[in-house]
1. Output the residue which, of all residues in the range 234-291 that are within 28 Å of V189 (Cα to Cα), in a helix (DSSP H, G or I) and touching a strand residue (DSSP E or B) at 6+ places or on another chain (Cβ under 6 Å), is modelled with the lowest pLDDT.
2. What residue, among those in the range 328-373 that are outside any loop (DSSP other than H, G, I, E, B) and among the charged types (D, E, K, R), is modelled with the lowest pLDDT?
3. Within the range 7-25, take every residue that is of a type in the set (D, E, K, R) and in a helix (DSSP H, G or I) and give me the one that is farthest from the chain's Cα centre (by Cα).
4. Give the residue that is farthest from C109 (Cα to Cα), with candidates limited to residues of the range 198-217 that are in contact (Cβ under 8 Å) with a residue 40 or more places away in the chain and among the small types (G, A, S).
5. Within the range 258-298, how many residues turn out to be of a type in the set (F, W, Y) and buried (at least 18 other Cβ atoms within 10 Å of the Cβ)?
6. Keeping to the range 31-54, report how many residues are exposed (fewer than 12 other Cβ atoms within 10 Å of the Cβ), in a helix (DSSP H, G or I) and over 20 Å from the mean Cα position of the chain (by Cα).
7. Which residue out of D144, D154 is among the acidic types (D, E), on the phi < 0 side of the Ramachandran plot and either at pLDDT 80 or above or within 17 Å of the chain's Cα centre (by Cα) (or both)?
8. Among the listed residues S234, S330, which satisfies the condition of being within 21 Å of the chain's Cα centre (by Cα) and closer than 27 Å to H75 by Cβ?
Amino acid sequence: MSDYFPVEVIIEILKRLPVKSLVKCRSVCKTWNSLISDPSFVSTHLQASLSRPPNNNPLLLIRCSKNGKENYFLHYDNDGFDEFKKLQFPVFDCVSYSVVVGSCNGLICLSFLPHDVLNFVFWNPSIHKYVSLPQPSICCYSPDVHLKSGFGFDSRTNDYKLLIFGVEKGDNLIQPCLFSLNENCWKGVAAISPNYAVEADISSTFVNGAVHWLGYQRRNNSGFSNTILGFDLSAEGFFEISLTESLIGLCPMDLSTMKYGESSIAVLNRDWEDGELLELWVMKEYGVVESWTKVLALHMFDQSGWFPRVLGFRNNGEALLQVGDGEMASLDLNRQLIEPHGVEVGEGLLWVGSYVESLVLLDKAIDVPCVSDANHAIDSSDCDESSWGESDVT
């Protein structure tokens, strides 16, 4: 085809193809293999995928743990919440229980925490490739220190970065370290860390080029002062976003952040002492304190004895919940109505985030080994890469 069409035309055609078809197209010839693997085309294809209209049914990534097995699924974010595919979960070099740090542009960051070593992996399940990160220098295995991490994309340098830091009991952030995929190394963060602590069990939220946590300070009168603590991955510096007055003095263990839409954040307040009150506040305009809006106030006794867990937001603005014995449901925030989806995920640890299939890591990762393991769920139908057409490139 390259004998008849300019490269620009070929790129316009290829960038519209799904990931699996593009991986097969690498077998057509060396020219196509080189073109598709080129970082510029990887970025072009990603932007084309992200710019498709919302009615193309964007994907939701669901990670659940059932019967001691880790399972990853992609579901269409449509009315039927239909399953798109079950992902092959590989047996990585560092085999232990994994935690999802974050997901961005088709790349999933996982942490593995065995007894005395920090292991992180960047994994692209769409192309069956991953990279194991080198060991960071930070030491967090101490009764007085716990580890926090945040993963995201630096659009200025087209780089994927992972920030980790320790939090002492004295409410100080220590030893911030930043990993760059482009440079394949860790480095210390020169920016001064604000005098805030981050709750141990609260995960990070990536939006607008920054990772966010719920930060807090202890007041002299045993109260708290809460804020949104952010880290800009391009500027490589910390910043703060003020909360609405109603959230500033609450117990930080009851609060957590999550992504709202494509460009802002939300804060969840789960009050255990007020009849299990669940409040959801969204920042309608990122960075504008006056735009904080309470969109949900739900009491346990309103739901026949069970209490939902808020997982995030769908593309249509509804909140996604885990209800009952582990079923997924949507909450219409305008009508305050809950609609189950009939998707059982169990009562184990659950993580949900938006997802787009991409070619990220195609040029720099190793293939995922298709090895069955008693502690992981493997989709054997997706394991045979020969069916993808990656071999025998001429």
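1. Only one residue fits best here, namely P252.
2. My answer is D367.
3. Here the residue is E8.
4. Restricting to residues being in contact (Cβ under 8 Å) with a residue 40 or more places away in the chain and among the small types (G, A, S), the top hit is A200.
5. Total satisfying the criteria: 3.
6. Of the residues in the range 31-54, 1 are exposed (fewer than 12 other Cβ atoms within 10 Å of the Cβ), in a helix (DSSP H, G or I) and over 20 Å from the mean Cα position of the chain (by Cα).
7. D154
8. Of the residues listed, the single one that is within 21 Å of the chain's Cα centre (by Cα) and closer than 27 Å to H75 by Cβ is S330.
The values are calculated or read from the model by the stated rules, or taken from the named source; none is laboratory data. Since the structure is predicted, the reported quantities are computational estimates derived from the model, not experimental observations. A quick note on method: Cβ atoms are made from the backbone with ideal geometry, for glycine too, and the neighbour counts reach across all protein chains shown.
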